[in-house]
Amino acid sequence: MGEHVQRRKGYSFYLVNIDCLRTSTQFNVVMDLERSIQELLPYLAACLPGCNYVHGSDVIDLMEAGHIIGIYPRQITLTGVEGREEAERLCGDYYERIRDAERRKSTITPVYHKRTTLRVLDILRALPKTNCGACSAPTCMAFAAQVFRREADLSACPPFMSELERHRDLVQELRAHGYTIPVRDHEPSQPDSHRD
């Protein structure tokens, strides 16, 4: 059962129950755009860290803050939304990202092929695997999954942060995919070139 369509300038959205989880309290959101953004997709892909995009596929997909997001020429879909208020905020945010990419298009280098190679197991391998709970997750695997979904920050794991230098390659890959990793005093500062 979906809520009524909410109309805003440039788009509309509605919530739908998650079909495979009839008792879920979360919803999926379908955001319909008033005009096509097909030609803008390569520019959006350049601005969205950690997304997947292959030119011609007409879809950008990414995971952000626990939501799976699909961006299509005339529609955006978002999973795992708590209700209308969160849907309103997320739709407004993505519409503003589209508008920002349109405004800055002449300064953005479009991306025609972008794939995320980072996996949950890559993150888990760098964790202590002691299930100490210092990060507030029940296990290191659960914490790695939260980090991957951008629901938690690696800085919440004191053992990882104390061995940051040892995990330099993973830290660089995480940063390249748009994850924020705090810079330690002994680590050389690196500009976040992935941010636009």
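The values are calculated or read from the model by the stated rules, or taken from the named source; none is laboratory data. Here the structure is a predicted model, which is why all the values come from computation and not from measurement. Using ideal geometry, Cβ is built from the backbone for each residue, glycine included, and neighbour counts are taken over all protein chains shown.
Here is how the numbers come out for the structure above:
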{"quantity": "Selection count where residues are over 22 Å from Pro49 (Cα atoms) and surrounded by 14 or more Cβ atoms within 10 Å (Cβ to Cβ), scope the stretch 147-160", "calculated": "3"}
{"quantity": "Hits in the stretch 91-104 (condition: basic (Lys, Arg) and surrounded by fewer than 14 Cβ atoms within 10 Å (Cβ to Cβ))", "calculated": "Arg99, Arg103, Arg104"}
{"quantity": "Residue in the stretch 133-141 that is touching a helix residue (DSSP H, G or I) at 6+ places or on another chain (Cβ under 8 Å) and β-branched (Val, Ile, Thr) present", "calculated": "no"}
{"quantity": "Residues (surrounded by 14 or more Cβ atoms within 10 Å (Cβ to Cβ) and in contact with a His (Cβ under 8 Å, 6 or more places away or on another chain)) located in the stretch 112-132", "calculated": "Thr116, Leu118, Ala126"}
{"quantity": "Sole exception among (1) modelled with pLDDT under 95; (2) buried (at least 16 other Cβ atoms within 10 Å of the Cβ) for Glu3, by number", "calculated": "(2)"}
{"quantity": "Count - residues of the stretch 68-90 that are surrounded by fewer than 20 Cβ atoms within 10 Å (Cβ to Cβ), in contact with a Ser or Thr (Cβ under 8 Å, 6 or more places away or on another chain) and under 24 Å from Ala46 (Cα atoms)", "calculated": "4"}
{"quantity": "Hits in the stretch 59-84 (condition: over 24 Å from Asp153 (Cβ atoms) and charged (D, E, K, R))", "calculated": "Arg74, Arg84"}
{"quantity": "Any hit, the stretch 158-168, residues being at pLDDT 85 or above and not in a helix (DSSP H, G or I)", "calculated": "yes"}
{"quantity": "Top-ranked residue of the stretch 42-65 - restricted to ones that are among the small types (Gly, Ala, Ser) and loosely packed, with under 14 Cβ neighbours inside 10 Å, ranked as nearest to Lys9 (Cα to Cα)", "calculated": "Ala65"}
{"quantity": "Selection status of Leu118, part of a strand (DSSP E or B), modelled with pLDDT under 90 and under 30 Å from Glu163 (Cα atoms)", "calculated": "no"}
